[in-house]
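Here is the structure we will look at.
The values are calculated or read from the model by the stated rules, or taken from the named source; none is laboratory data. Fair warning: this is a prediction, and the values are worked out from it, not measured in the lab. As a convention, Cβ positions derive from the backbone with ideal geometry for all residues, glycine included, and neighbour counts pool all protein chains shown.
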Amino acid sequence: MGGSTPVSGRDHVEPGGPALTLALSDQVTLTKISVGPMDNNAYLLTPEDGGSVLIDAAEDDTRLLSLIDGRPVAVIVTTHRHGDHWQALPSVAEATGATLVCGRPDVDAIATGAWVEGLTGAWDGDEVTVGDGVLEVIGLVGHTPGSIALAFTGGDGVVHLFTGDSLFPGGPGRTNSPEDFASLMDDLQAKVFNRFDDSTVVYPGHGDGTTLGAERGHVEEWRARGW
């Protein structure tokens, strides 16, 4: 460590520490917390009217239910099938009665792993309503077959992109084969970088956020290194 002071990145929260609250629009507020031993991010989008949307009931149902604080939750979205992103899903789903959504190709894996029923599969072009806005579902094949990102356009026109484990500061999420890596990179380029501008804010499944502008110039470097 050399005695240096760690520099926190965008929208930083400490594992187990206080939540961060941001206004995404005049009607929708975002709250981010880090839960569990793998620094998993959980995101709660709360509209002025209507039920909230929780992205990744990752770990620590006690903290997540405390964050929800009895407010209605309309939908819980799970970004992909890996267990650290749904450990708290059964208990939070039972407590809230929320509709459960995940990427269509990951439905069976999450239903079996988390032992939940009634999962709705979503993919490109589907939407999840939050207040007077929507989260657009974007399928990104590679980290898992059914990984999804969710795009919310704020009142100022800035896009807020929840990427699960498909995109982080510094590169794409982990893949298990050259074919999966190529698939993820192709989807990120076509469905994310070619669609959204540099002001787009990225909220990943672990750690700090970034913007597409900060990452765009490195895409070909990622392809060249192969991870």
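General observations
- When restricted to residues that are among the basic types (Lys, Arg) and under 13 Å from the mean Cα position of the chain (by Cα), segment 39-83 contains 1.
- Selection count, segment 20-41, where residues are of a type in the set (Gly, Ala, Ser) and either under 15 Å from Leu135 (Cβ atoms) or touching a Cys at 6+ places or on another chain (Cβ under 8 Å) (or both): 1
- Pro178 vs. criteria touching a strand residue (DSSP E or B) at 6+ places or on another chain (Cβ under 8 Å) and either of a type in the set (Ser, Thr, Tyr) or within 18 Å of Ser147 (Cβ to Cβ) (or both): no
- Counted residues, segment 196-227 - those being more than 18 Å from the chain's Cα centre (by Cα), under 16 Å from Leu140 (Cα atoms) and either of a type in the set (S, T, N, Q) or in a loop (DSSP other than H, G, I, E, B) (or both): 1
- Strands (runs of 3 or more DSSP E) fully within segment 23-115 counting 1 or more residues that are surrounded by fewer than 23 Cβ atoms within 10 Å (Cβ to Cβ), at pLDDT 95 or above and polar (S, T, N, Q): 28-35, 99-103
Listed here are the residues, each with its yes/no results for (1) among the hydrophobic types (A, V, I, L, M, F, W, C); (2) touching a strand residue (DSSP E or B) at 6+ places or on another chain (Cβ under 7 Å); (3) closer than 20 Å to Ser8 by Cα.
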site	(1), (2), (3)
Phe162	yes, yes, yes
Phe168	yes, yes, yes
Ala182	yes, no, no
Phe193	yes, no, no
Asp197	no, no, no
Val201	yes, yes, yes
Gly205	no, yes, yes
Thr210	no, yes, yes
